[in-house]
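The values are calculated or read from the model by the stated rules, or taken from the named source; none is laboratory data. Because the structure is a prediction, the values reported are computed rather than measured. Using ideal geometry, Cβ is built from the backbone for each residue, glycine included, and neighbour counts are taken over all protein chains shown. Heads up: the accessible areas ignore ligands, DNA and RNA and are worked out on the full protein's heavy atoms, side chains in. Shrake-Rupley method; radii C 1.70, N 1.55, O 1.52, S 1.80 Å.
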Amino acid sequence: MIPGRPSQGRPGGGPTGAPWPTEANRPAPAAHALPDQPRQSALWADPEPPAQPTPAVPLFRPGDRFGQVAVDLTAEGTDRLFTYLIPPALAPQLVPGQWVRVPFGPRFLAGLYLGQVDQPPEGVKLKPIAGILPELPPVPPRLIELARWTADRFLSTFPAALRLLVPTEARREQVRTQRVLRLLLKSTPAEAIAQAEMLKRAPKQALALRLLAEAGGELTQPELVEKGVDQPVLRTMLQKGILDSTLEDRRRDPFGGEKVEQETPPQLTPEQRTALSAVQQELQAPVGFRQPILLHGVTGAGKTELYLRSIALVADQGKQAICLVPEIALTPQMIHRFRARFGKAVAVLHSALSAGERFDEWQRIRRSEVSIVVGARSAIFAPFENVGLIIIDEEHESSYKQESPAPAYHARAVAIERARLDDALLILGSATPALESYQLAASGNYRLVEMTTRIDDRPLPPVTLIDMREELRAGNRSIFSEGLQAGLERCIQAGNQAMLFLNRRGYNTFILCRDCGEAVQCPNCAVAMTYHMGDRHLACHYCDHHAPLPTTCPNCLSKRIKPMGAGTERVEEELKARYPYLRIARMDVDTTKRKGAHAQILGSFGRREVDVLIGTQMIAKGLDFPDVTLVGIILADTTLNLPDFRASERTFQLITQMAGRAGRGTKRGEVLVQTYQPEADALQAAQHHDFLTFFEGEIESRRQNKYPPFAHLIRLLVSGDSEAETMEAAANLYAFLKKGGFTGEILGPTPAPLAKIKNRYRHHLILKGFDVAQMTAQIRAAFAQGKWSRTKSVNMSVDVDPLSIL
Ligand code: ADP
Ligand code: ZN
Ligand code: ZN
């Protein structure tokens with residue numbers, strides 16, 4: 001419970017006491033706190049204008065001070081700032097950026113104190129700030145600025161963006177700093193031993209004294225309890241004055257106390273040396289002239305080593321570094337590399353940590369107990385105050401984009417802004433840079449640094465495309481082409497390991513009726529259901545609806561229904577049937593639900609207890625296993641045929657990344673790609689490891705079709721329970737934007753490609769334009785003019801620069 005918070009009638013607090021409102025207990029807009037001139041008006045929710053309060057006299061006393069607070073009204077979608085009285089007792093501790101608790105309507109909410117204002121709003125009796133949130137240290141001013149920028153750029157409210165600055169955990173009361181009692185000897189260890197001799201009739205007390213003496217004079221209560229001294233004994237000893245105690249914070253350790261041997265860095269290769277000197281030059285550039293570096297380096301070129309060296313340079317200057325890694329690549333292997341180099345100076349932030357661990361890691365960052373953070377997307381908001389370097393590894397990765405909740409920010413865009421605010425160097429690294437990034441390098445905005453060879457001049461593995469149409473013609477209906485079978489046998493006979501990749505899980509990906517041609521659909525979503533052999537049911541991958549396998553077509557009642565399309569489960573089964581002696585593991589959402597399963601599968605593959613690892617994109621990123629010589633891609637077409645202008649780019653990236661897992665050690669690798677479209681540009685380029693040719697072809701098509709990077713898209717997704725209402729709302733939204741002064745191109749409204757998910761119908765508008773600042777400003781202006789919809793059951797979400805428009 002937060003000290004100082006008024007009780008809500010439930011001592012000890014409960015769900016009602018949460019300092020941040022949840023969606024379920026949103027407060028009514030308050031009448032007492034009149035909004036200031038809004039920075040921008042309300043966004044989409046269009047809260048009712050506050051009631052005009054009756055002025056009470058006198059409103060203020062001379063010497064009263066007023067502070068502006070961004071109240072956490074995220075659920076209301078309001079952007080207004082509110083003014084409160086600053087109680088004199090609070091004034092000395094109150095600095096801008098402090099999290100405070102304020103009365104709002106009938107309840108108390110969290111808010112960020114932004115600073116004093118000279119003029120209170122006229123005619124309103126203000127309420128005082130209730131208190132400071134003690135567990136949340138003040139936010140550095142530049143991070144407040146970053147949140148403001150993020151809200152503007154990605155069209156969210158300011159309070160929603162402020163939420164990015166504190167870990168979710170910190171908003172829940174149960175996650176707090178853990179405190180433990182530390183017990184201290186009052187005497188020297190030698191005296192304590194002597195004393196213990198005299199305590200013949202109190203053996204437990206004697207034990208406590210001996211243990212404390214051996215430990216040099218102090219131990220925590222849990223440590224003593226574990227060694228057999230129970231709490232009442234300790235209490236007695238404290239009462240008798242034999243011991244002293246202090247209360248201290250206890251750190252939860254995400255590494256479980258594991259010790260890591262410090263390693264000596266390897267000799268840099270010539271390419272790494274050249275790249276590092278580019279980093280050095282940019283680090284030394286005068287303020288405002290630091291150019292971001294795009295590090296385009298083939299898989300296995302030693303980019304991670306370059307990151308480590310760059311971080312060391314910055315650490316030597318006494319500055320801090322943030323290294324973003326895709327969530328999926330934040331493997332124990334990866335974290336180990338950072339810890340082996342920097343030891344205790346590293347904090348990690350990722351979703352596999354427990355809530356308490358994450359909160360403590362965040363506190364370590366906030367208190368500058370570490371100087372390096374390695375983390376997923378949200379670590380870009382790490383509360384460092386002197387950042388010298390930001391690295392984004394695999395910068396093309398789509399997991400850097402948040403989808404929900406708002407703001408739907410891209411960590412790369414935020415990193416560019418943060419690097420500017422902090423005057424830090426930004427390094428974007430990838431073997432397959434995003435088209436957006438490479439275009440910025442090609443146009444001279446980024447400094448391009450290339451690494452074209454693998455460590456020790458190991459060759460990139462040859463990539464062979466296998467035409468599955470020919471396999472069919474030759475009568476092979478199996479998932480495995482002749483070529484892939486032969487390759488697998490070669491690999492295993494040579495005593496090596498293989499990885500097989502397929503971007504679909506389950507056994508069959510759909511159930512087709514051969515009479516009416518329909519696939520069995522989820523009742524809640526406009527999506528075909530997938531057959532899972534493991535527990536013999538159909539599952540929807542969007543809403544998790546389960547159903548038994550039907551015997552007749554739900555559409556026409558025909559019995560001629562047939563499971564079609566292979567997923568990873570079926571690849572596993574067919575592989576087992578064909579090669580019973582192989583040790584096979586599968587890594588996908590279904591096999592990694594249990595905590596620790598991910599690490600366990602990779603661990604056994606690394607220890608060579610497994611010959612073949614089958615997986616979805618979970619296995620495509622960052623894995624470094626020297627004995628893997630074969631990578632097989634079961635079907636490249638799954639990503640190629642998505643209805644998305646980035647389908648080709650995604651396919652190229654995925655195949656290149658997957659190919660990068662082969663032949664990383666001293667043995668030569670090979671990559672076999674099965675496809676029905678071997679002529680596709682993305683596959684041809686991937687075959688030749690030819691990023692540049694792919695880039696040139698694809699960028700031209702983007703230019704012609706006015707797609708990113710030559711335009712910005714903003715997607716407005718309208719969803720509702722009723723199809724008719726949703727459609728109507730989307731049409732209203734279109735008219736609303738036009739009338740509100742939006743001058744850019746608007747595509748739609750149309751049903752989204754995923755037209756129904758979880759029983760919500762989905763229609764969208766795609767806004768297109770060149771100047772994203774102008775577009776977002778116009779959209780804000782339009783929404784400031786009134787309600788866009790009067791239908792309560794219809795929602796809208798906004799995605800600026802969406803990565804998926806499904
Ligand atoms: P990338 O991140 O570009 O895919 P890594 O940094 O993972 O490449 O390097 C590939 C492998 O080469 C790793 O096993 C790494 O430890 C090793 N390595 C990197 N740099 C050197 C070097 N200068 N000398 C020897 N080995 C290196
Ligand atoms: Zn049918
Ligand atoms: Zn569903």
Exercise. Looking at the range 779-794, which of its residues are buried (at least 18 other Cβ atoms within 10 Å of the Cβ) and either out of contact with any Leu (no Cβ under 8 Å at 6 or more places or on another chain) or of a type in the set (Gly, Ala, Ser) (or both)?
Worked result: ALA782, SER789, VAL794
For this session: Considering every residue within the range 673-689, establish whether at least one is open to solvent by less than 70 Å² (accessible area, probe 1.4 Å), more than 30 Å from SER481 (Cβ to Cβ) and hydroxyl-bearing (Ser, Thr, Tyr).
Result: no
Exercise. Looking at (1) within 16 Å of ligand 3 (Cβ to nearest atom); (2) touching a Cys at 6+ places or on another chain (Cβ under 7 Å), which is the only condition CYS516 fails?
Worked result: (1)
Exercise. Do the conditions hold for GLU394, that is, is it open to solvent by 20 Å² or more (accessible area, probe 1.4 Å) and either modelled with pLDDT under 90 or over 23 Å from LYS259 (Cβ atoms) (or both)?
Worked result: no
Problem set entry | Test set (1) over 27 Å from GLN653 (Cα atoms); (2) free of Cβ contacts under 8 Å to residues at least 40 places away in the same chain; (3) away from ligand 2 (no atom under 16 Å from the Cβ) - GLU573 fails condition number | (2)
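Yes or no: the range 295-303 includes at least one residue that is open to solvent by less than 30 Å² (accessible area, probe 1.4 Å), part of a helix (DSSP H, G or I) and more than 16 Å from ligand 2 (Cβ to nearest atom). It would help to see each step written out before you state the result.
Of all residues in the range 295-303, those open to solvent by less than 30 Å² (accessible area, probe 1.4 Å) come to 295-297, 299-303.
Those left that are additionally part of a helix (DSSP H, G or I): 303.
Applying the additional criterion that residues be more than 16 Å from ligand 2 (Cβ to nearest atom) yields 303.
Among the residues of the range 295-303, at least one is open to solvent by less than 30 Å² (accessible area, probe 1.4 Å), part of a helix (DSSP H, G or I) and more than 16 Å from ligand 2 (Cβ to nearest atom), which makes the answer yes.
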Exercise. Checking GLU122 against (1) modelled with pLDDT under 90; (2) buried (at least 16 other Cβ atoms within 10 Å of the Cβ), which single condition isn't satisfied?
Worked result: (2)
For this session: Determine whether the range 714-724 contains at least one residue that is away from ligand 3 (no atom under 16 Å from the Cβ) and within 20 Å of LEU435 (Cβ to Cβ).
Result: yes
Exercise. Picking from THR509, THR453, THR464, which residue would you name as being buried (at least 20 other Cβ atoms within 10 Å of the Cβ), hydroxyl-bearing (Ser, Thr, Tyr) and either within 16 Å of ligand 1 (Cβ to nearest atom) or not in a loop (DSSP other than H, G, I, E, B) (or both)?
Worked result: THR509
Exercise. If you scan the range 585-625, which residues turn out to be modelled with pLDDT under 90, buried (at least 21 other Cβ atoms within 10 Å of the Cβ) and within 23 Å of ALA494 (Cβ to Cβ)?
Worked result: ILE619, LEU623
For this session: Would you be able to tell me the number of residues in the range 195-217 that are open to solvent by 20 Å² or more (accessible area, probe 1.4 Å), over 14 Å from LYS240 (Cα atoms) and modelled with pLDDT of 85 or more?
Result: 6
Exercise. What do you reckon, is ASP544 free of Cβ contacts under 8 Å to residues at least 12 places away in the same chain, over 16 Å from LYS758 (Cα atoms) and more than 16 Å from ligand 2 (Cβ to nearest atom)?
Worked result: no
For this session: Mind counting the residues in the range 639-656 that are of a type outside the set (Asp, Glu), touching a helix residue (DSSP H, G or I) at 6+ places or on another chain (Cβ under 9 Å) and surrounded by fewer than 24 Cβ atoms within 10 Å (Cβ to Cβ)?
Result: 10
Problem set entry | Among (1) open to solvent by less than 40 Å² (accessible area, probe 1.4 Å); (2) of a type in the set (Val, Ile, Thr); (3) without any contact (Cβ under 8 Å) to a residue 40 or more places away in the chain - the single one VAL800 does not satisfy | (3)
Problem set entry | Scan of the range 417-434 for residues that are surrounded by 20 or more Cβ atoms within 10 Å (Cβ to Cβ) and assigned to a helix (DSSP H, G or I), ordered by number | ARG418, ALA419, ASP422
Seminar exercise, completed: Going through (1) within 22 Å of LEU623 (Cβ to Cβ); (2) of a type outside the set (S, T, N, Q); (3) assigned to a helix (DSSP H, G or I); (4) open to solvent by 10 Å² or more (accessible area, probe 1.4 Å) one by one, ARG358 fails only at (1)
Problem set entry | Search result, residues across the range 361-390 that are open to solvent by less than 10 Å² (accessible area, probe 1.4 Å) and part of a helix (DSSP H, G or I) | GLU361, GLN363, ILE365, ALA379, ILE380, PHE381
Exercise. Could you say which residue among VAL175, VAL180 is under 30 Å from PRO87 (Cα atoms) and either surrounded by fewer than 19 Cβ atoms within 10 Å (Cβ to Cβ) or at pLDDT below 85 (or both)?
Worked result: VAL175
Exercise. What about GLY534, is it free of Cβ contacts under 8 Å to residues at least 60 places away in the same chain and within 16 Å of ligand 2 (Cβ to nearest atom)?
Worked result: no
For this session: Would you mention how many residues in the range 304-343 are within 18 Å of SER399 (Cβ to Cβ) and among the charged types (D, E, K, R)?
Result: 1
Exercise. Listed residues ILE427, ILE455, ILE479, ILE492; which is of a type outside the set (D, E, K, R) and more than 24 Å from ARG664 (Cβ to Cβ)?
Worked result: ILE479
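Would it be correct to say that THR78 is open to solvent by less than 10 Å² (accessible area, probe 1.4 Å), closer than 23 Å to LEU162 by Cα and part of a loop (DSSP other than H, G, I, E, B)?
Details: open to solvent by less than 10 Å² (accessible area, probe 1.4 Å): yes; closer than 23 Å to LEU162 by Cα: yes; part of a loop (DSSP other than H, G, I, E, B): yes.
For THR78, the condition - open to solvent by less than 10 Å² (accessible area, probe 1.4 Å), closer than 23 Å to LEU162 by Cα and part of a loop (DSSP other than H, G, I, E, B) - is met.
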Seminar exercise, completed: Picking from GLN600, GLN617, the residue that is in contact (Cβ under 8 Å) with a residue 40 or more places away in the chain and closer than 23 Å to LEU500 by Cβ would be GLN617
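Right, PRO708: more than 16 Å from ligand 2 (Cβ to nearest atom), open to solvent by less than 70 Å² (accessible area, probe 1.4 Å) and of a type outside the set (Val, Ile, Thr) or not? Spell out how you get there, then give the answer.
On the way: more than 16 Å from ligand 2 (Cβ to nearest atom): yes; open to solvent by less than 70 Å² (accessible area, probe 1.4 Å): yes; of a type outside the set (Val, Ile, Thr): yes.
Yes, satisfied.
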Exercise. So is GLY487 more than 29 Å from the chain's Cα centre (by Cα), away from ligand 3 (no atom under 15 Å from the Cβ) and open to solvent by less than 20 Å² (accessible area, probe 1.4 Å) or not?
Worked result: yes
Problem set entry | Criterion violated by MET237 - all others in (1) more than 30 Å from GLY297 (Cα to Cα); (2) in contact (Cβ under 8 Å) with a residue 60 or more places away in the chain; (3) open to solvent by less than 30 Å² (accessible area, probe 1.4 Å) satisfied | (2)
For this session: Identify the single condition in (1) in contact (Cβ under 8 Å) with a residue 60 or more places away in the chain; (2) surrounded by 21 or more Cβ atoms within 10 Å (Cβ to Cβ) that PHE694 does not satisfy, given that it satisfies every other one.
Result: (1)
Exercise. Restricting attention to the range 431-446, does a residue exist that is of a type outside the set (Val, Ile, Thr), at pLDDT below 95 and either touching a strand residue (DSSP E or B) at 6+ places or on another chain (Cβ under 7 Å) or under 28 Å from GLY615 (Cα atoms) (or both)?
Worked result: yes
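Would you pick out the residues in the range 525-567 that are at positive phi and either within 16 Å of ligand 1 (Cβ to nearest atom) or among the acidic types (Asp, Glu) (or both)?
Filtering the range 525-567 down to residues at positive phi leaves 536, 544, 557, 565.
Scanning the range 525-567 gives a single hit, ASP544.
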